[in-house]
Structures are given as structure tokens and as C-alpha cells.
Amino acid sequence: MVSAMKRLLDLVGRQPRIAIFAEALLFALGVGALDYVSGYDVSMFVFYGVPILAVAWWCDWKGALALALICAVIWWWADSLTGHVYEHGWIRIWEPTARFGYFGFVAIAGSALRKQRDATYARIALLEHSQRLERQIIKISEREQRRIGRDLHDGLCQYFAAVGCAAASLKSDLDHAGRSEEAAVAEELTELLEQGVVHTRELARSLVPVQMHEAGLAAALEQLAASVSRLQNVSCTFFSEGGTTFRAPPLATHLYRIAQEAIQNAIRHGGAQNIQIRLRTDGETATLHVIDNGTGIARKREESDGMGLSIMNYRARIVGGTLQVTSPKSGGTSVTCTFPRTSLAAEANGESA
């Protein structure tokens, strides 16, 4: 019944304005005829508001006011034909004036409601457009990170490895030639190149967490903690409770990026030396928790432009969760993202479809 009524209203709204006004006028004449038949003891004036509201909604306020005036005339005509006798002359003036006031109010209120609805739809459309742009920006960012990560892993790492092999060969040749000092330099160069390969590979893995698809979010976060500990010279540990892997991309990637951004903020702005990453599942909800022993949230907000926090909030909304950043009494900063497990399950089904 509701869907049929909605289809009927949509059909009426797609007509030309002149057709809508003509149909509303016919409706008003029909109400006037009923008003005449029922007599002045049973007034039908309330139903004149229906065609007026229709014109106000689908046409404009000028047409609605014009129809309101016509409805006042129709009502006066039906009232006069029924032989309604007024005891006082001022009542004869007051009644049509009151009716026209009611009709005019319906016309103005209907037009105002239509404008408010149009403004609401415009805001919703703008918000949806902004969200689409945000999603596109995030997708482009992720795609560029994957490209850079692949270039680092397949290009720079291989280049470092080749130079390292050449340096090792040079060291061997220098050893055979009895040039120990030059061989020691070549050996040091080889070690530096090997370290460069390790650091570049770790950087590539942080940009492209390929293990996300293989072993899930927990394994990716564990690898992230190990990488941060090696590259940043801080203590970063990972704990998982609940045993859920969260393999569903790209939502698991958003959670990984939240943890990554929280860690970088803790090191860059908070000077943290100890960081804990916790992934916990409890029933239908899950929580990603990053805790550090840095200077706290106030110091970070002063030094940061806020873009990282905004991006983390946006990523949390994408996974259907909420982000909370607090400063515990013990010091440091706590970043908590609570999200429903169902959103990840739905994304996994969508990826596999």
C-alpha cells in the first residue's frame, strides 16, 4: 500500500506544472461541490488544503497562493448557494477572511517544507559527493603506496642486492691480492648494502602489507611491530586476543593504517620509546588499541596539523567503527578503534563474490 502510494505520488510529480495545477483546481472544485451538497452545517473547508499543498509541493508558492485565493472563492460560492445566513455582517466578512488565511498558511507552509526538503537533499547529495571523493582519495593513496612499495621491493632492493654481490666479489678479489685494508672497506660496504636491503624491504612491507591477505590483520600488525622496533629503535610489541585473523581487504587495510599512523604519531610527535598494539575480539565487536609512553595527546596536537587524526577518524568510519584518542593518567597516548566484526565479514563476502 505504501509503495503504491509512493509510485502514485512520483507519477503526479513527473507531470508538467500546468497539469498539476489543473488537476488541483479540479480537485478543489470537487471539494466545493461536496461542500455545497453537505450544506453549511458540515463544512468541508479543511479538504481544500490538499490541492493547495500539492501545488505548493510540486509547483511554486505563487501558484499555491493563487489556488488558495481560488479555493476561498469556491468555498464562498458553495457557502452562499447553501443559503447560509449570518447573524452579523462582520461574521460574513470574517469567515471568508479566516478561510483564505488558512488556505494561505497551507500554501506558505507547503512551500517552506518543499524548500527545506530540497535543501536537505542538497546537503545529503553534497555529503555523499564528499564521501565519494574521500574514498577516491584513499583508494588513490593506497594504490600509490602499493606502487611505491613494489618499486622499492622489485627495483631498489634488487639494485642494492646486485651492488652488494659486486662488493662481496671485490672483497674476495682484494683478499686474494693481499690488500687487507681495502678488503675491510669492501666488507664494510657489503654490510651496509645488506642493511640497506633489509631497511628497504621493511619499508616496502610497511607500504604494502602483503601478509594481510595471507595470514590476516594480526600477522600484519605483528610484522609492523617488529619492523618498527628494528627501524625506529623503539620497543614496539603486539598482542592479539580472540584469535580472529581479519583477512578481508580493504577494511583490514584501514585498520592496519590506523595502527601505522598512531605509531608514527607516537614516535614523531610524542617521542615514545614503548608502544603496544593490541587487537582484541569480544563477541560481535573488535578493538584495535595502540598505547604509547610519549608526551601525551596535548603535546601532539600542538605539534601536529591534525591531518593524521582526521584520516584515522575517516578510516574508522569506513569500517563502521569509532575512534577515541585519550591521554591516560599514567601518561602517553591511547588510540582506540572499536568496530563491528560483521563489517569485515560483509567485506570478505563482497571480495569473494
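Run the accessible area of region 26-134 with a 1.4 Å probe and give the carbon-and-sulfur part as a rounded percent.
Using a 1.4 Å probe with all protein chains present, region 26-134 comes out at 71 percent carbon and sulfur.
Using 7 Å Cα-to-Cβ label points, what is the Ile108/His129 separation (nm, one decimal)?
Between Ile108 and His129, the simple spin-label model gives 3.3 nm.
For a quick check: with amide H placed at 1.01 Å from N, whose amide H comes under 5 Å from Phe238's, ignoring anything fewer than 5 positions away on the same chain?
Result for Phe238 returns Ile277.
Evaluate the distance, in nm, between pseudo-label points positioned 7 Å from the Cα of Val42 and of Tyr159 along their respective Cα→Cβ axes.
Using points 7 Å along Cα→Cβ, the separation is 9.2 nm.
Got a sec? What order do Tyr40, Tyr121 fall in by accessible area at 1.4 Å, biggest, i.e. largest, first?
Highest to lowest solvent-accessible surface, that is Tyr121, Tyr40.
Could you go through region 276-284 in sequence order and give the Karplus-derived ³J(HN,Hα) for each residue, using 6.51 cos²θ - 1.76 cosθ + 1.60 with θ = phi - 60°, rounded to whole Hz, and x for Gly and Pro?
Each residue's phi maps through the Karplus curve to give 10, 10, 10, 10, 10, 10, 9, x, 8 Hz.
Between Ala286 and residues 5 or more places away or on another chain, which pairs have amide H atoms under 5 Å apart, with H built 1.01 Å from N, and which residues are they?
Sorted by chain and number, the residues that satisfy this are Phe339, Arg341.
Using DSSP to define loop residues, name the trypsin sites (Lys or Arg not before Pro) in region 1-104 whose beta-carbon has at most 11 other beta-carbon atoms within 10 Å.
Sites meeting the loop and neighbour criteria: Arg14.
For n ≥ 4 DSSP H runs only, could you compute -39500 (n - 2.57) per run for the chain, divide by its residues and tell me the 222 nm figure to the nearest 500?
-24000 deg cm²/dmol
Note the full-extension length gain between Ser3 and Ser310 as 0.36 nm times their separation in residues minus their Cα-Cα distance, in nm to one decimal.
Computed gain between Ser3 and Ser310 is 106.5 nm.
Counting Lys and Arg as +1 and Asp and Glu as -1, each charge on the Cβ, what is the dipole of the chain about the Cα centre in debye, to the nearest 20?
960
Here are several values of Rg and Dmax of the Cα atoms in Å: (i) 24.1, 106; (ii) 20.6, 71; (iii) 36.3, 132. Which one was derived from the coordinates shown?
Only one option fits the structure, namely (iii).
For Ser80 and Asp173 in the same chain, what is the full-extension length gain: residue separation times 0.36 nm, less their Cα-Cα distance, in nm?
This chain segment gains 21.4 nm when fully extended.
For Tyr86, enumerate residues with amide H under 5 Å from its amide H, sequence gap 5+ or separate chain, H modeled in the peptide plane.
Here nothing satisfies the definition.
Rounded to the nearest 5, what % of DSSP beta bridges with both residues in the chain are antiparallel?
In the chain, DSSP labels about 75 percent of beta bridges as antiparallel.
Using the Karplus curve 6.51 cos²θ - 1.76 cosθ + 1.60 with θ = phi - 60°, what ³J(HN,Hα) values do you get for each residue of region 95-103, in whole Hz, with x for Gly and Pro?
For region 95-103, the Karplus-derived couplings read 4, x, 5, 5, 5, 5, x, 5, 5 Hz, x marking Gly and Pro.
Hey, what angle do you get for helix 341-352 against the long axis of the chain, alpha-carbon based, 0 to 90 degrees rounded to 10?
80
Could you check which residue among Pro16, Pro51, Pro328 shows the biggest mean-square fluctuation in a GNM of the chain with a 10 Å Cα cutoff?
Per the Cα network of the chain with a 10 Å cutoff, Pro16 tops the list.
Ordering Glu241, Glu95 by how much accessible area each has at a 1.4 Å probe, largest first, what is the list?
Listed by decreasing accessible area, they come as Glu241, Glu95.
Residue by residue, what Karplus-based ³J(HN,Hα) values in Hz, rounded to whole numbers, does region 120-131 have, using 6.51, -1.76 and 1.60 with θ = phi - 60° and x for Gly and Pro?
Couplings: 5, 4, 5, 5, 5, 4, 5, 5, 5, 5, 5, 5 Hz.
If you average the alpha carbon positions of region 64-109 and of region 227-242, how far apart do those two centres end up, in angstrom?
Going from one Cα centre to the other spans 80 Å.
Once you've got the GNM for the chain with C-alpha springs shorter than 10 Å, pick whichever of His254, His88, His176 has the biggest mean-square fluctuation.
Ranking His254, His88, His176 by mean-square fluctuation puts His88 first.
Which listed residue (Ile124, Asn274, Val198) has the Cα farthest towards the positive end of the charge dipole for the chain, taking +1 on Lys and Arg C-beta and -1 on Asp and Glu C-beta about the Cα centre?
Ile124
Of the candidates Arg278, Arg341, Arg114, which one comes out as most mobile in a Gaussian network treatment of the chain with C-alpha springs shorter than 10 Å?
Arg114
The values are calculated or read from the model by the stated rules, or taken from the named source; none is laboratory data. This is a predicted model, so every value here is computed, not measured. Backbone-built Cβ (ideal geometry, glycine too); neighbour counts: all protein chains shown. Calculation scope for accessible area: heavy atoms of the full protein, side chains included, ligands and nucleic acids excluded. Shrake-Rupley method; radii C 1.70, N 1.55, O 1.52, S 1.80 Å.
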